[in-house]
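Have a look at the structure below before the remarks.
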Amino acid sequence: MPNAAAGVATICDLAGGGLAGAQLALGQILLDGVLLPRDAGAALGWFLAAARQGDAMGCNMVGRCCELGWGMPAAPAEALRWYRRAACAGLDWGMYNYATGLTLGWDGQPDHARALAWLRRAAARGHCKSFNLIGGFYEDGWAVPRDRAQARAWYARAAEGGDFRGHFNLGRFLLAEGRPERARRHFEAARRTATPAFLARMDRFLAEAGDRGGQAVCLAAISSR
């Protein structure tokens, strides 16, 4: 693939010249192991180079490396600090990731109120995964009174935006409302883009729903591969 090789060479030159966008692109290429051998440590180095220039996505990607242990030992508290920089720079993904860390208490103690405030800021920018997490706050009563109608509305917004967790959660609500056919459609939509770990969780939920009886239509559609 001579054209692809030439493109990577150009990205390397631009990244070495200090262009933040090229540094991000090169970091992602190295992280994915596409066109170049996978090297998470080198990827982290390029994300750091972009972040040190104040690039919001660079800060977010350094946070991802810290959170997930890409190119370094996992360090959730350090991830939270990088996500905060991305969030304060106005990046919706940074806001969502920062809110997730606050929710889980990566710096020692969960802070649901502050997390929800950041999620609302991301949601105002149309961030679908934030819609879904706000729904969870209303369903569980974190920083707000429990409100299933509000939770359902936020899950519906997430599903409309294509978020697989939003589809799954809306499907749960529809199942509880006795609308298995509509629930099935949302479970099917979730399955198309869900991660393997989430698929396993969804299958467990559906198996338990089947054990309780009356949901065979959902199980037949969702359990098939």
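Cβ-Cβ below 7 Å, separation at least six or inter-chain, first residue in segment 199-215 and over 14 Å from P180 (Cα atoms), second at pLDDT below 95 and surrounded by fewer than 16 Cβ atoms within 10 Å (Cβ to Cβ): which pairs?
Taking only residues 6 or more apart or on different chains, the pairs are D203/S223.
Any residue in segment 55-66 that is surrounded by fewer than 17 Cβ atoms within 10 Å (Cβ to Cβ) and assigned by TED's automatic domain parsing to the domain that holds L14? Don't jump to the end; show me each part of the working.
Step one: filter segment 55-66 for residues surrounded by fewer than 17 Cβ atoms within 10 Å (Cβ to Cβ), giving none.
Scanning segment 55-66 turns up no residue that is surrounded by fewer than 17 Cβ atoms within 10 Å (Cβ to Cβ) and assigned by TED's automatic domain parsing to the domain that holds L14.
Evaluate segment 74-94: report whether one residue or more is modelled with pLDDT of 95 or more and out of contact with any helix residue (DSSP H, G or I) (no Cβ under 9 Å at 6 or more places or on another chain). Before you say what the answer is, go through the steps one by one.
The first filter runs over segment 74-94 and keeps only residues modelled with pLDDT of 95 or more, leaving 74-94.
Then keep just the ones that are out of contact with any helix residue (DSSP H, G or I) (no Cβ under 9 Å at 6 or more places or on another chain); that gives none.
Checking segment 74-94: not a single residue is modelled with pLDDT of 95 or more and out of contact with any helix residue (DSSP H, G or I) (no Cβ under 9 Å at 6 or more places or on another chain).
Which of the residues that make up segment 124-138 are in contact with an Asp or Glu (Cβ under 8 Å, 6 or more places away or on another chain) and either without any contact (Cβ under 8 Å) to a residue 24 or more places away in the chain or surrounded by 15 or more Cβ atoms within 10 Å (Cβ to Cβ) (or both)? Spell out the reasoning first.
In the first step, residues of segment 124-138 are kept if they are in contact with an Asp or Glu (Cβ under 8 Å, 6 or more places away or on another chain); the result is 125-132, 138.
Once the filter is applied, which keeps residues that are in contact with an Asp or Glu (Cβ under 8 Å, 6 or more places away or on another chain) and either without any contact (Cβ under 8 Å) to a residue 24 or more places away in the chain or surrounded by 15 or more Cβ atoms within 10 Å (Cβ to Cβ) (or both), segment 124-138 yields H127, C128, K129, S130, F131, N132, Y138.
Return the total of residues in segment 116-172 being in contact with a Gly (Cβ under 6 Å, 6 or more places away or on another chain) and either in a loop (DSSP other than H, G, I, E, B) or modelled with pLDDT under 95 (or both).
The number of residues fulfilling the criteria is 0.
I need the full set of residues from segment 173-202 which are loosely packed, with under 15 Cβ neighbours inside 10 Å, within 21 Å of the chain's Cα centre (by Cα) and part of a helix (DSSP H, G or I), in order please.
R192, T193, P196, A197, A200, R201
Which one of these is modelled with pLDDT under 95 and either within 24 Å of G141 (Cα to Cα) or hydrophobic (A, V, I, L, M, F, W, C) (or both): D107, D111? Step through it out loud before you land on a result.
Details: D111 fails: modelled with pLDDT under 95.
Step by step, each of D107, D111 is checked, and only D107 is modelled with pLDDT under 95 and either within 24 Å of G141 (Cα to Cα) or hydrophobic (A, V, I, L, M, F, W, C) (or both).
Residues that are touching a Pro at 6+ places or on another chain (Cβ under 7 Å): which helices (runs of 4 or more DSSP H) entirely in segment 1-81 hold 1 or more of them? Write out each step before concluding.
Details: elements: 2-16, 20-32, 40-51, 56-68.
Because the criterion is at least 1 residues that are touching a Pro at 6+ places or on another chain (Cβ under 7 Å), the helices (runs of 4 or more DSSP H) in segment 1-81 that meet it are 56-68.
The values are calculated or read from the model by the stated rules, or taken from the named source; none is laboratory data. No experiment lies behind these values; they were computed from the predicted model shown. Using ideal geometry, Cβ is built from the backbone for each residue, glycine included, and neighbour counts are taken over all protein chains shown.
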